[in-house]
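Only the coordinates and a few stated rules stand behind these numbers; no lab work does. Treat the numbers as computed from the prediction; the structure is a model and nothing was measured. When we count neighbours, we look across all protein chains shown, and the Cβ atoms used for this are built from the backbone with ideal geometry, even at glycine.
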């Protein structure tokens, strides 16, 4: 199952496009139950990820700044996650 989606608003530096896409991908995986893409699921899944990432980026840009940064660090900012991704060739 997917990890929890972390708060992206208020990050320093701001959330990257990669972090926003990762959150969108986690969301689409969670609501669809699709963990492995097939020829039948790939196109609608990727279209949903792209649309949700665009909406999320716009929303983050329009909201006022947070007074406090989030209490958790997004997975893509964690060294152990980056190391695992590097081993997987991502």
Residue 21 meets each of (1) surrounded by 11 or more Cβ atoms within 10 Å (Cβ to Cβ); (2) touching a helix residue (DSSP H, G or I) at 6+ places or on another chain (Cβ under 7 Å); (3) assigned to a loop (DSSP other than H, G, I, E, B) with one exception, condition (3)
Residue that is nearest to residue 19 (Cα to Cα) [pool: residues in the stretch 32-71 that are more than 16 Å from the chain's Cα centre (by Cα) and part of a helix (DSSP H, G or I)]: 62
When residue 7 is evaluated against the numbered criteria (1) in contact with a helix residue (DSSP H, G or I) (Cβ under 9 Å, 6 or more places away or on another chain); (2) surrounded by 13 or more Cβ atoms within 10 Å (Cβ to Cβ), which criterion, by number, is the only one it fails? (1)
Select from the stretch 72-90 the residues that are outside any helix (DSSP H, G or I) and in contact (Cβ under 8 Å) with a residue 60 or more places away in the chain and write down the one among them that is nearest to residue 26 (Cα to Cα). 74
